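Student: The structure is given below, and queries will be raised subsequently.
Here, each number is a calculation from the coordinates, and none is a lab measurement. What you see is a predicted model, and the numbers here were worked out from it, not measured in a lab. Note that we place each Cβ from the backbone using ideal geometry, even for glycine, and neighbour counts take in every protein chain shown.
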Amino acid sequence: MKVEHGAVIQKFKPFVTVLSNENHGSYCESCFLKRTSLKSCTACKTIKYCGVQCQRREWNIHKLECKCLKNTAPNVPLPSVRMMLRLIIKEKLDCEDDQGDYGIWRRGFADLMSHSDDIKTDSKRCEQLTQIMFTLSSLTKGVMELPSAQHILEIFGKMLTNSFTICNGEIQSLGVGLYLGASWIDHSCDPNAVIVFEGNTLVLRAVKAIQILSTRDISVSYIDLLPTTKDRKDALREQYYFECTCSHCSNCDIMDQKKLCIKCQDNSCTGFCVKTGNTFQCCNKCGLSISENNSLLEEFEKETENKLTEIKEAKDSKDADLVLRLAKQYRNKYNRILHPLSLRHTKLADAMFDACIDLGNWTDALVYGLQTIEPYRQYYPSFSPILGVQYMKIGKLQLYLQRFQDALNSLKKAESIISVTHGKDHSLYVELAEMLHQTCQEMQM
Ligand SMILES: [Zn+2]
Ligand SMILES: [Zn+2]
Ligand SMILES: [Zn+2]
Ligand SMILES: [Zn+2]
């Protein structure tokens, strides 16, 4: 079978899903659609559904889960614990899913790899498992018996290495899910397919033309592709226990060096100095070399990781004011060093973009959003959902700020990507098409 870019390769229904705790008030636990009115399960009062149909569909598993949740109410366990619980219940009930039209994608839960030997030697994971076991035993007390510790380890490993983050169209995380067939898909840092979600349905879409003879011919990226090769490899090893040997990983030295670049020391030059190993090279434009004993640069190298972690923590705790304050402080201090194409500059710009949107400061949001475009364009694959969504968010701001020509340009770029990565039936595409239509109308007035 040959598929063109933009084609749907396969859609998968979930084996098990869990909605994140912060989304309990706005999304249905079963179908993962955003709804203004949700009904709580009257027994546990924790899980909310959009209607009777979704509640019925989940009842098989929720019947037992409900009793467990009552044991620890009003505390709702972490998604990872709930996922484990649901997998244990699912196994107890012995209900494999209907995979009628999955063809080469058919797969059972028993067939998944667990990497249990890797986990046994991974102290961080062992600690996490101990915590999960502890919560599981208080949850299931008087309701059901837990499998053996070895079996729980197997389930834990399968969950860790095969789960997908379920996102809405704008790539904001809603929860996690296990999709048996989709767990066949391999990773590549230069993938030929992407995964998007329609509600809780996982949609695998081609972003290049692919000749499909087996599932091995298809790859997606398991991780964010922005970081350097070393950081991507570390992330894959840590979460999925494998060494990435994809073509992109063995071929992107020059891109990696640029991702770590700093500004030329000559204020009037727009060039950059790339980093090879631990040293910065001469400016790519004027050839000026970095002077030794540069105390600001030394401080920059020493302080940056901590600062970026601090800003990320502020972002995770949704403190937009703090994100902006810390990021501005950092940027002012290192203004002479931070180059707009470096990852540090880019990540900060993106954090500031989101923070300004949260605070309703559209003008600043647009400034920071635009700063991410050039590096995103250079570092992400051309059909990247993240790049498409970024263009769309920027176009939306430009439309709102009545910069219609700019809005039209951004939204058209978004359209060319999102029509492939999400497809024209996706709700995000429908929203985008409406914005494009509105922009054109405004321009004719
Ligand atoms: Zn629903
Ligand atoms: Zn319930
Ligand atoms: Zn790779
Ligand atoms: Zn220069």
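Student: Along the charge dipole of the chain, Cβ charges K/R +1 and D/E -1, which of Q390, H5, A320 sits furthest on the positive end?
Tutor: About the Cα centre, the residue reaching furthest to the positive side is A320.
Student: Something else now. Under a Cβ-only charge scheme (Lys and Arg +1, Asp and Glu -1), can you give me the dipole magnitude of the range 2-240 about the Cα centre, in debye to the nearest 20?
Tutor: It comes to approximately 720 debye.
Student: Sticking with this one: How many Å³ per residue does the convex hull of the Cα positions in the range 294-444 occupy?
Tutor: 111 Å³
Student: Let me ask something else about it. Among residues other than A193 whose Cβ falls under 9 Å from its Cβ, what is the net charge (Lys/Arg +1, Asp/Glu -1)?
Tutor: Spelling it out: positives minus negatives among the neighbours equals +2.
Student: First select every other residue whose beta carbon is under 12 angstrom from the beta carbon of R336; then total the charges, Lys and Arg +1, Asp and Glu -1.
Tutor: For residues surrounding R336, the net value is +1.
Student: At a 10 angstrom cut-off on C-beta neighbours, averaged per residue, how do the peptides 156-168, 251-263 rank from highest to lowest?
Tutor: The most tightly packed comes first, giving 156-168, 251-263.
Student: Now, a different point. Separation of the range 349-417 and the range 246-290 by C-alpha centroid, Å?
Tutor: 26 Å
Student: Between N284 and M144, what is the label-point separation in nm under the 7 Å Cα-to-beta-carbon projection?
Tutor: Going from the M144 label point to the N284 one covers 5.6 nm.
Student: What percent of all Cα-Cα pairs in the range 2-240 falls in each 5 Å bin, counting up from 0?
Tutor: It works out to 1, 6, 13, 17, 19, 17, 13, 8, 4, 1, 0, in whole percents.
Student: Place a +1 charge on the Cβ of each Lys and Arg in the range 290-394 and a -1 charge on the Cβ of each Asp and Glu, then give the dipole magnitude about the Cα centre in debye, rounded to the nearest 20.
Tutor: Dipole about the Cα centre, nearest 20: 260 debye.
Student: With the radius of gyration and the Kirkwood radius both derived from the Cα set of the range 248-379, what is their ratio Rg to Rh?
Tutor: 0.98
Student: What nm value, rounded to one decimal, do you get for the distance between E299 and L33 when each label is placed 7 Å out toward the C-beta?
Tutor: Inter-label distance under the simple model: 5.5 nm.
Student: Starting from the Cα of D98, move 7 Å in the Cα-to-Cβ direction to define the label point; list residues of the range 48-85 whose amide nitrogen is under 19 Å from there.
Tutor: 52-62
Student: Given the pairs K307/K333; K11/K92; K347/K393; K13/K208; K263/K285; K258/K285, which are separated by over 19 angstrom at their Cα positions?
Tutor: K11/K92; K13/K208
Student: Can I ask one more? For the range 1-110, state which GluC sites (Glu not before Pro) are in a DSSP loop and have at most 16 other beta carbons lying within 10 Å of their beta carbon.
Tutor: Those satisfying the criteria are E4, E96.
Student: Additional query: What distance in nm separates the two pseudo spin-label positions at M113 and H151, each 7 Å out from Cα along the beta-carbon direction?
Tutor: 2.5 nm
Student: May I pose another question? Relative contact order of the range 294-444: what whole-number percent is it, with Cα pairs under 8 angstrom and at least 6 residues apart?
Tutor: 15 percent
Student: While we're here: So if I take the alpha carbon set of the range 12-82, get Rg, then get Rh from the Kirkwood formula, what is the Rg over Rh ratio?
Tutor: Ratio of gyration radius to Kirkwood radius for the range 12-82: 0.92.
Student: Please list 311-321, 181-191 highest first by mean number of surrounding beta-carbon atoms within 10 Å per residue.
Tutor: Packing order, densest peptide first, comes out as 181-191, 311-321.
Student: Related question: Ranked highest first by the average count of other Cβ atoms within 10 Å around their residues, in what order do 194-201, 169-176 fall?
Tutor: Listed from highest to lowest mean packing, they are 194-201, 169-176.
Student: Continuing with this model, one more query. Is there a quick way to get the dipole size of the chain? I mean about its Cα centre, with the Cβ of Lys and Arg at +1 and of Asp and Glu at -1; what is the value in debye to the nearest 20?
Tutor: Taking the Cα centre of the chain as origin, the dipole is about 680 debye.
Student: While we're on this one: Regarding the chain, what are the three Cα extents along the principal axes, ordered largest first, in Å?
Tutor: Here the spans come out as 71, 60, 48 Å, largest first.
Student: Just to be sure I understand: if I project the alpha-carbon convex hull of the range 377-436 onto a plane and average over all orientations, what area do I get in nm²?
Tutor: That works out to 3.6 nm².
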